[in-house]
Structures are given as structure tokens and as C-alpha cells.
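In what follows, a single structure is set out as C-alpha cells and then discussed.
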Amino acid sequence: MAKYGFDLQRKNKKRKTTALICLFIAFVILLGSVSTFLLWRSLNYDFNNIFIKSDEESTAPAPTTEKTDSVTYNGEVLFLVAVTSDDGNDVRFINLIDVNLSNKTVRVIPFDHTKKDKQTELTYGKILCTTGVKELVSSVEENLNVDIDRYTLFTDSGYKSVFRALGDVTVKVNKDVEYDTPDMFLELKRGENTIAPEKVFKYMKYICETEKGYECSRLNAEIIVSAFEAFYNIENFNYADTLFSKLINYCKSDISIVDFTDNKEKIEYLIPKTSKEKLKVYVSEKVIDNEE
């Protein structure tokens with residue numbers, strides 16, 4: 001039949017093609033109508049709203065992501081920080097850390113653990129080793145007439161783990177150090193040294209083995225100051241929850257996750273907001289800031 005010009009199969013193909021084209025056109029018209037209706041609805045059914053004057057656009061407030069530091073905080077918190085050997089029989093050092101929100105300062109206060117408690121006649125180091133950190137806190141509060149808000153107790157392993165988690169610090173050394181014993185070897189040059197966590201731990205032990213009393217605490221206080229300067233920044237604060245969960249496992253402390261969460265805004269408040277700002281953290285001999 002194709003021979004005589006009656007190709008029914010071809011005719012069916014044409015019909016199918018025509019039907020598909022018509023269906024596609026109908027779909028496009030329907031989609032366009034719905035889109036137009038939705039646009040009109042979003043413009044409150046007023047096509048005049050399509051044309052917005054450029055000066056109206058310019059007066060619209062630009063979105064901002066900049067956080068204004070409109071909130072100010074006041075108050076002062078005193079922490080006790082101590083480090084002992086892993087077996088708890090030797091005290092490396094004890095320091096107090098005073099955080100003042102009013103003037104945005106952190107003072108690290110050297111504490112001589114070889115001095116004696118007035119009541120028991122035991123050294124503070126002995127109190128820590130024999131009766132525990134809570135008894136040490138009570139003794140320090142009574143003898144110095146201060147209130148210690150929270151304490152943190154590290155062993156050698158915990159101290160080392162903290163710096164492993166945070167990274168390198170820069171310490172200033174007053175003289176060349178070359179310390180070689182059966183237990184460890186340490187070499188530092190006079191001046192500023194950027195040192196890795198393992199070396200920070202060695203430097204701490206070197207101080208504790210070569211210095212005693214107040215001087216031992218003072219030099220270790222300088223390491224803590226260096227740690228604050230290196231790690232207390234907005235980049236680390238962005239991971240503050242993760243860091244806290246990790247670091248709190250390296251010590252014995254009465255600082256809880258609730259304390260951390262409740263004071264998170266105050267922690268951020270102390271962080272320098274621009275590259276020109278610098279955290280005011282330093283070693284202080286005064287336990288009470290305004291004492292003579």
C-alpha cells in the first residue's frame with residue numbers, strides 16, 4: 001500500500017509527533033501561567049511593583065554580619081591551677097589565674113607551694129599530695145583571704161596532652177639552656193623560642209628540677225601567659241565546645257560543662273576583636289589586684 005502513497009505507519013507517526021508537540025506547548029503555557037500568577041501574587045497583584053526605582057533600592061538597609069560588641073560584662077573570677085607528677089607524689093607548680101571582665105585582663109599569679117599553711121604547718125605542696133586539691137583550695141583561701149571560684153589539677157600526662165591538643169607556643173628564655181639527664185635532653189637558645197608541645201613539657205620539667213619555690217612558679221606562669229597569647233583567639237573559639245570536651249578529660253576540675261555553657265559569651269567577650277587588639281595577659285605578683 002505504500003507503493004500507492006497510503007503509508008498508514010508513517011501517518012500514525014506524524015499524528016503521534018503532532019500530539020506530542022501540542023502536549024508540550026500546552027505544558028509550557030500552563031507552566032508560564034502558573035509562574036505568572038505566582039509572581040503577580042508575590043507583588044500583591046499589582047504589576048506596578050515589577051518596576052522598582054533605583055533610588056528605592058539604594059535606600060534599603062544592607063544586610064550585615066558584623067557583630068556589635070554592645071554588651072559589657074563585669075566581675076572577677078579566680079582559678080587555682082596545679083600540676084603534679086603522674087603518681088601524685090610530687091608537685092610541679094601551683095599558680096592562681098585571675099580573670100577580670102571589667103578591664104579585660106588575665107593575671108597569672110605565681111604561688112610558692114613550698115610555703116607552709118599557718119594552721120597545719122604543712123607545705124601547700126604536701127597538702128595537695130596527701131589530702132587533695134579541695135583541701136589545698138580551702139587552705140589557700142584561708143591563708144590569703146581570697147575566694148577561689150574553680151580549680152584545675154593536671155598530672156604530667158594531662159599537661160602534655162593539653163599542649164598536644166593546642167599546638168606550639170613561644171617562650172622567652174633568659175639564657176641558653178642545655179640540659180642533659182638520663183630522663184631527658186633539652187636545648188633552648190637565649191631569647192624567644194617557638195617550641196612544640198613535647199618541648200613545652202620538657203621545659204616545664206626543667207624549670208621544676210632547677211628552680212624552687214616562687215621562682216619555679218613564676219617561670220611556669222610565663223609559660224601559661226604564652227599559652228593564652230597563642231591559643232586565646234577567635235579561631236579557636238569557633239571550636240570551643242569541641243576543645244572544652246577534649247581538654248576537660250585531661251584534668252581533675254570542678255569546672256562543668258554547665259559552667260562552660262553559661263559563661264561562653266563572657267569567654268568570647270575577652271577575645272581581641274581585631275588584629276590590632278591584644279589580650280591583656282601577664283604575670284602578676286599581687287593576689288589582689290589593688291593591693292599595695
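The values are calculated or read from the model by the stated rules, or taken from the named source; none is laboratory data. It should be emphasised that the depicted structure is a prediction, and the values quoted were computed from it without experimental measurement. Here the Cβ positions follow ideal geometry from the backbone for every residue, glycine too, while neighbour counts run over all protein chains shown.
Couple of notes before you dig in:
- Residues (touching a helix residue (DSSP H, G or I) at 6+ places or on another chain (Cβ under 8 Å) and at pLDDT below 90) located in segment 279-292: L279, V287
- Selection of segment 129-145 for residues being surrounded by fewer than 16 Cβ atoms within 10 Å (Cβ to Cβ) and of a type in the set (A, V, I, L, M, F, W, C) yields only L144.
- Among residues that are touching a strand residue (DSSP E or B) at 6+ places or on another chain (Cβ under 6 Å) and at pLDDT 90 or above, T194 is included.
- Within segment 151-172, not a single residue is at pLDDT 95 or above, in the same structural domain as Y250 (by TED's automatic domain parsing) and in a loop (DSSP other than H, G, I, E, B).
- Pairs, first touching a residue at least 24 places away in the same chain (Cβ under 8 Å) in segment 174-189, second surrounded by 10 or more Cβ atoms within 10 Å (Cβ to Cβ) and aliphatic (A, V, I, L, M), C-beta under 7 Å, six or more apart: V177/L186; V177/L188; Y179/L186
- Scanning segment 192-205 for residues that are in a helix (DSSP H, G or I) and either charged (D, E, K, R) or surrounded by fewer than 18 Cβ atoms within 10 Å (Cβ to Cβ) (or both) returns E198, K199, K202, K205.
- Residues located in segment 80-114, provided they are of a type outside the set (G, A, S), in contact (Cβ under 8 Å) with a residue 24 or more places away in the chain and surrounded by fewer than 19 Cβ atoms within 10 Å (Cβ to Cβ): D86, N89, D90, N100, L101, N103, K104, T105, D112, T114
- Of all the listed residues (A221, A240), the sole one being assigned by TED's automatic domain parsing to the domain that holds P110, among the small types (G, A, S) and touching a residue at least 60 places away in the same chain (Cβ under 8 Å) is A221.
- Of the residues making up segment 224-275, those that are more than 23 Å from V83 (Cα to Cα) and of a type in the set (K, R) are K264, K266, K273.
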